[in-house]
Amino acid sequence: MASGNLTRVTEFILMGVSDHPELQIPLFFVFLLIYGLTMAGNLGIITLTSVDSQLQTPMYFFLRHLAIINLGDSTVIAPKMLVNFLVTKKTVSYYGCAAQLGGFLVFIVGEIFMLAAMAYDRYVAICSPLLYMAVVSPQVCILLVSLTYLYSLTTALTVSSCVFSMSYCSSNVINHFYCDTVPLLALSCSDTYIPETAVFISAGTNLFFSMIIVLTSYFNIVLAILRIRSSEGRRKAFSTCASHMTAVTVFYGTILFMYLQPRTNHSLDTDKMASVFYTLVIPMLNPLIYSLRNRDVKDAFKRFLSNPCQSFKLM
């Protein structure tokens, strides 16, 4: 649509992970495998934590919602990405791009605060075990998860509205494999100060408060474990939070690598590689982290395989 001498953008072109034609088919199969494993792993966690009677605890309630978030995050990104490996014209409509950005923000912010809620859960379990079921009651679990979803939805609507309130004129090539804030801001032909400020404040605030919750929780967890006299007691206490600690380290390590690198070394290509990790690889790894290091989940999986009908009767 024409507006004076400017042409309003009605669609965007995604450059993808790589612009080398010979890599498109191999990359398609690599990311198809990643997405398939992500779907299988997270659906498995959701199913087991829903139907197994021994996994009806706050920890597995939060784990189920983390799996839902991981599944959503990958599904917002991967299908369009996979299609673009197979087509010559890698386009996405203006409103499709806005929807993808909004969906991505819902799930990435949701993951940040779900991991924080899980850290609080582990803190109460280890530091106040006798009060655990009273403090982290079903009502508190539902409240924390509901607030996480509500806040992430509000953040996504606010930030994506700011980004798409700008004008996009002639340039429409996004140097990324999905619609993200930074490459979109780089394309705008209008003043980006307010949207850039909104994105920066939102990202900084979310990371700061979630990391404060996680670090405070684990600081107290470490102190509580050190006060345990027996080595067996310390090992058992540590094992209850080892999976979550691994997931938190991988997720926040990737995010901090992306946002704290010097601006002189910063590039959209570096962002792209980090984004592959936290939008596609981490959602695939989380089910493995929580199942391979967790005896309860492995036992539930064995029970499910031996008698799936009985498991569904427990629902």
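The values are calculated or read from the model by the stated rules, or taken from the named source; none is laboratory data. Owing to the predicted nature of the structure, the values given are computational and were not obtained by experimental measurement. Cβ sites come from the backbone with ideal geometry, for glycine too, and all protein chains shown count toward neighbours. What goes into the accessible areas is simple: the full protein's heavy atoms, side chains included, and nothing from ligands, DNA or RNA. Shrake-Rupley method; radii C 1.70, N 1.55, O 1.52, S 1.80 Å.
Going by what's in this entry, would F29 be described as of a type outside the set (S, T, N, Q), farther than 16 Å from L288 by Cα and outside any helix (DSSP H, G or I)?
No; evaluated as a whole, the condition is false for this residue.
Out of Y290, Y193, Y259, which single residue is within 22 Å of I68 (Cβ to Cβ) and at pLDDT below 90? Please lay out each step first, then the result.
On the way: Y193 fails: within 22 Å of I68 (Cβ to Cβ); Y259 fails: within 22 Å of I68 (Cβ to Cβ).
Exactly one of Y290, Y193, Y259 is within 22 Å of I68 (Cβ to Cβ) and at pLDDT below 90, namely Y290.
Condition first: touching a His at 6+ places or on another chain (Cβ under 8 Å) and not aliphatic (A, V, I, L, M). Now tell me which residues in segment 111-135 satisfy that.
Listed by number, the list holds a single entry, R122.
State whether one or more residues within segment 215-230 are in contact with a helix residue (DSSP H, G or I) (Cβ under 6 Å, 6 or more places away or on another chain), closer than 29 Å to T154 by Cβ and at pLDDT 90 or above.
yes
Please work out if L147 is more than 20 Å from K236 (Cβ to Cβ) and more than 18 Å from the chain's Cα centre (by Cα).
Values: more than 20 Å from K236 (Cβ to Cβ): yes; more than 18 Å from the chain's Cα centre (by Cα): no.
Judged against the criteria, L147 is not a match.
Return a yes/no flag: does segment 115-127 have any residue that is under 30 Å from V9 (Cβ atoms), surrounded by 17 or more Cβ atoms within 10 Å (Cβ to Cβ) and among the small types (G, A, S).
no
Please count how many residues of segment 269-295 are open to solvent by 80 Å² or more (accessible area, probe 1.4 Å) and either of a type in the set (S, T, Y) or more than 30 Å from C179 (Cα to Cα) (or both).
3
Residues to consider are T75, T148; find the one that is within 16 Å of M59 (Cβ to Cβ), of a type in the set (S, T, Y), surrounded by 15 or more Cβ atoms within 10 Å (Cβ to Cβ) and modelled with pLDDT of 95 or more.
Numbers: T75 fails: within 16 Å of M59 (Cβ to Cβ).
The unique qualifying residue is T148.
Cβ-Cβ distance below 9 Å, separation of 6 or more or different chains: which pairs start in segment 1-29 with a residue that is farther than 17 Å from A186 by Cα and end on one that is modelled with pLDDT of 80 or more and charged (D, E, K, R)?
Partner pairs satisfying both residue conditions: V17/K272.
Exactly one of (1) open to solvent by 40 Å² or more (accessible area, probe 1.4 Å); (2) within 30 Å of F31 (Cβ to Cβ) is unmet by R227. Its number?
If we test R227 against (1) open to solvent by 40 Å² or more (accessible area, probe 1.4 Å); (2) within 30 Å of F31 (Cβ to Cβ), just (2) comes out false.
Quick check on L86: is it over 20 Å from the mean Cα position of the chain (by Cα), in contact (Cβ under 8 Å) with a residue 12 or more places away in the chain and open to solvent by 60 Å² or more (accessible area, probe 1.4 Å)?
yes
Check A186, A125, A134, A203 and return the single one that is among the aliphatic types (A, V, I, L, M) and touching a helix residue (DSSP H, G or I) at 6+ places or on another chain (Cβ under 6 Å).
Every option except A125 fails the conditions.
Under 7 Å between Cβ atoms, at least 6 apart or on separate chains: pull out the pairs that start in segment 279-304 with a residue that is outside any helix (DSSP H, G or I) and end on any residue that is modelled with pLDDT under 80 and crowded, with 20+ Cβ neighbours inside 10 Å.
Nothing qualifies.
Name the single residue, out of those in segment 179-197 being in contact (Cβ under 8 Å) with a residue 60 or more places away in the chain and open to solvent by 40 Å² or more (accessible area, probe 1.4 Å), that is farthest from the chain's Cα centre (by Cα).
C189
From the list A78, A99, pick out the single residue that is touching a residue at least 40 places away in the same chain (Cβ under 8 Å) and either touching a helix residue (DSSP H, G or I) at 6+ places or on another chain (Cβ under 6 Å) or of a type outside the set (K, R) (or both).
Step by step, each of A78, A99 is checked, and only A78 is touching a residue at least 40 places away in the same chain (Cβ under 8 Å) and either touching a helix residue (DSSP H, G or I) at 6+ places or on another chain (Cβ under 6 Å) or of a type outside the set (K, R) (or both).
Picking from Y95, Y60, which residue would you name as being surrounded by fewer than 20 Cβ atoms within 10 Å (Cβ to Cβ), modelled with pLDDT under 95 and under 23 Å from the mean Cα position of the chain (by Cα)?
Going through Y95, Y60 in turn, the sole match is Y95.
Restricting the search to segment 9-37, which residues are under 30 Å from M166 (Cβ atoms) and loosely packed, with under 12 Cβ neighbours inside 10 Å?
D19
Being surrounded by 21 or more Cβ atoms within 10 Å (Cβ to Cβ), at pLDDT 95 or above and β-branched (V, I, T) is the requirement here; does I69 meet it?
yes
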